[in-house]
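Here the structure is laid out as structure tokens; the discussion comes afterwards.
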Amino acid sequence: MAVRHRLLRPAGAIPLIARTLVARLAELGPVDHVTAFAFDVRPGDSTPSTTYVRVATVRAGAFDLAGLVFAVVLFFRLVAVHRRRRLHVLLCHDSTAFYGVWLFSKLYGVPHAVFMHACIYAPGKEGMYGRSRALVYKLNTRFYLRAARRVCCVSRELCGWAERLGAPRRRVVLMPNWVDLSRFAPSPSRPPQPPHRLLYVGRLSPEKGPVFAVRAMPAIVERMPQAELTVVGDGRQRAELERLAGELGVGGRVRFVGAVANTGLPDYYRRAGLLVMPSLSEGQGVVAMEALACGIPVVGSRVGGIPESVRDGVNGLLVPPGEPQALARAVADLLADRERYAGLAAAAPGSVASRSWRRGARRYLALCRLLRWRGHASR
């Protein structure tokens, strides 16, 4: 498995998914060994069933030079490992790293799949990256969609993007994200009345829309004076958001706690009344599923894969992206209607009951078997 993200200290959905996948695959009997390639891993973390291989890179933002260096080094690391312990299937979770995976696969005949967690062409991605990096990501996307043996998309919306941008339909596979339901579950001591505590979890960057959550707070507080918002996460917009909360007169109602390890998130969900997810762009939205698993309704944007988890009027509410007034109205209306809130909260855990990592690991194993069978058949 190749992923150009932090695996030792996951700071986002993609590295968390990759790290969990490594652990889950290693637990399955049919998998004799898993090798993970990333830039921050240490060989000392390896176990009898898992090997971590460090892939050196550089610090460079323009044209995603760091990613291109990673891809080159990754290719040679793959060759070295393959000579010692034959690799059977490659799973790539990064678009730039795919160049190294693709070249290795072409030379050594090892089947592979690339995972599409987001799409640079999707609405809401504008301005997220510098011009040179955005250009590279667009080129990467066009290349891997045409060249990959399988394109695994985390949402149906991304499956549509993959096909529109050139991936043959027969190669596109829906492979959604999964949740550890043993950790993310309702609290038995949850209070019977909905607390007026709102929660935002995610990067503090434009595409995640935290500014709309802050801008919605004055209208929410006007109707619900006891409402407060806890912001979990960090990013380049934090100082701007803290300043904005003060300017809007809700500085005392918005609390920024910074980044929280995934292991600590269940407590935040269980202390909240609602998760607000005002994204402008989203691959699928793992935090929505985590909140739902904990019995917390979600008020989220109608973008990306969010509607595939958040069913409007069933386990949450959907609002137009980029409209803080609509977000404020939906939140305040729901908190004022306790009967409706209780119904959404009661339906939340069951709506993601089929998304356990136990089931997800078996889906990944089935994918690996398919890739190997196709690989043998094409020889």
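In this structure, VAL31 qualifies as surrounded by fewer than 19 Cβ atoms within 10 Å (Cβ to Cβ), assigned to a loop (DSSP other than H, G, I, E, B) and touching a residue at least 24 places away in the same chain (Cβ under 8 Å). With respect to the conditions (1) over 19 Å from HIS93 (Cα atoms); (2) among the basic types (Lys, Arg); (3) crowded, with 16+ Cβ neighbours inside 10 Å, ARG171 falls short on a single one, namely (1). In summary, THR50 fulfils each of the numbered conditions (1) closer than 28 Å to TYR121 by Cβ; (2) at pLDDT 85 or above; (3) of a type outside the set (D, E, K, R); (4) surrounded by fewer than 23 Cβ atoms within 10 Å (Cβ to Cβ) with the single exception of condition (1).
Answer with yes or no whether ALA332 is farther than 21 Å from ALA185 by Cβ and either among the hydrophobic types (A, V, I, L, M, F, W, C) or part of a loop (DSSP other than H, G, I, E, B) (or both). The answer is yes for ALA332. Residues that are touching a Phe, Trp or Tyr at 6+ places or on another chain (Cβ under 7 Å) and not aromatic (Phe, Trp, Tyr) were ranked within the range 315-358; the one that is farthest from LEU28 (Cα to Cα) is PRO324. Where residues in the range 245-291 are within 15 Å of the chain's Cα centre (by Cα) and part of a helix (DSSP H, G or I), which of them is surrounded by the most Cβ atoms within 10 Å (Cβ to Cβ)? Here the answer is ALA291. Entry remark, the range 53-67: residues being modelled with pLDDT under 85 and basic (Lys, Arg) number 1 in total.
The values are calculated or read from the model by the stated rules, or taken from the named source; none is laboratory data. Treat the numbers as computed from the prediction; the structure is a model and nothing was measured. With ideal geometry, Cβ positions are generated from the backbone for all residues, glycine too; neighbour counts draw on all protein chains shown.
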